[in-house]
Amino acid sequence: MPAPRSKPLLAWEPLPFLVLVGLLLLTGVIRPEGPPSVFWPYLVVIGLAVAWLIVSLVRGLRRTNPDRWGDLSTIEGLDLLDAPRRDREVRSVVPVDEANRHQPAIELARLYGGAEQHAVLVPRASRWLKRRYRIGVQLVGGDRPRHAGFLGRVAEDRWVDLLDGLRERGTYVRVPAIIVGASRPYGIDLDLSGLEGVDA
């Protein structure tokens, strides 16, 4: 079964805010002195929108691992499947997308775990205000996981169904990672050659 490429609209985090703001804008048109058959149902709809917003905020505070953004708080208790580097004459690596946004986290991961470490690939990760699912990259060298960016689109298109199928079973894949550079801006290269031998 193909992995979903984006969040359902009702699961998109900003939607309750947008609905409530849209309803509140209508208060300039729907007034208390207007027809009761319009005003009171309108108040009920606003109340339901406020309740939906509160439920979504409370649900967002629940601790899960990975969380709804695809960030890991720990690797303890996770079912990890190692995909070690395969021997080849030509080494193939994939750069991590949006590493420029996560330089402090990458620097800490390098400080505690060294330039060569592992990364866990987390399907169905996302960014705030974005509906599109990505495959998050979490560096796991050192004292705790750190979000370092996302798998590039070409690699994501190739591996998303495999990784999402494993995620459905509660399994996440760990691959070799190299932090490139001696100072900022750091880059990250992932060796995904081991994924070729992984079965969903």
Problem set entry | Any hit, region 147-154, residues being in a loop (DSSP other than H, G, I, E, B) and either modelled with pLDDT of 95 or more or within 13 Å of the chain's Cα centre (by Cα) (or both) | no
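If I filter region 145-154 down to residues being crowded, with 19+ Cβ neighbours inside 10 Å and among the aliphatic types (A, V, I, L, M), which single residue comes out as farthest from L72 (Cα to Cα)?
Just the residues of region 145-154 that are crowded, with 19+ Cβ neighbours inside 10 Å, to begin with: 145-151.
Applying the additional criterion that residues be among the aliphatic types (A, V, I, L, M) yields 148, 151.
On the way: A148: 11, L151: 16 Å.
The selected residue is L151.
Do we have A49 as assigned to a helix (DSSP H, G or I) and either out of contact with any Lys or Arg (no Cβ under 8 Å at 6 or more places or on another chain) or of a type in the set (F, W, Y) (or both) here? Quick ask: steps written out before the conclusion?
On the way: assigned to a helix (DSSP H, G or I): yes; either out of contact with any Lys or Arg (no Cβ under 8 Å at 6 or more places or on another chain) or of a type in the set (F, W, Y) (or both): yes.
So A49 passes the test.
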For this session: Check region 10-29 and report whether any residue there is touching a residue at least 12 places away in the same chain (Cβ under 8 Å), exposed (fewer than 11 other Cβ atoms within 10 Å of the Cβ) and under 30 Å from V137 (Cβ atoms).
Result: no
Exercise. Exactly one of (1) under 18 Å from P176 (Cβ atoms); (2) in contact with a helix residue (DSSP H, G or I) (Cβ under 8 Å, 6 or more places away or on another chain) is unmet by R68. Its number?
Worked result: (1)
Exercise. What are the residues in region 155-200 that are in a loop (DSSP other than H, G, I, E, B), out of contact with any helix residue (DSSP H, G or I) (no Cβ under 6 Å at 6 or more places or on another chain) and crowded, with 19+ Cβ neighbours inside 10 Å, if any?
Worked result: D191, L192
Problem set entry | Residues within region 36-81 that are open to solvent by 70 Å² or more (accessible area, probe 1.4 Å) and either of a type in the set (D, E, K, R) or under 26 Å from the mean Cα position of the chain (by Cα) (or both), tallied | 15
Seminar exercise, completed: Expected output for region 65-84 (first residue on the phi > 0 side of the Ramachandran plot, partner among the basic types (K, R), Cβ below 8 Å, 6+ apart or cross-chain) is G70/R124; G70/R134
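The values are calculated or read from the model by the stated rules, or taken from the named source; none is laboratory data. Bear in mind the structure is a predicted one, so any value in this text is a computation, not a measurement. Here the Cβ is made from the backbone with ideal geometry for all residues, glycine too, and neighbour counts use every protein chain on show. Keep in mind that these areas ignore ligands, DNA and RNA; they rest on the heavy atoms of the full protein, side chains included. Shrake-Rupley method; radii C 1.70, N 1.55, O 1.52, S 1.80 Å.
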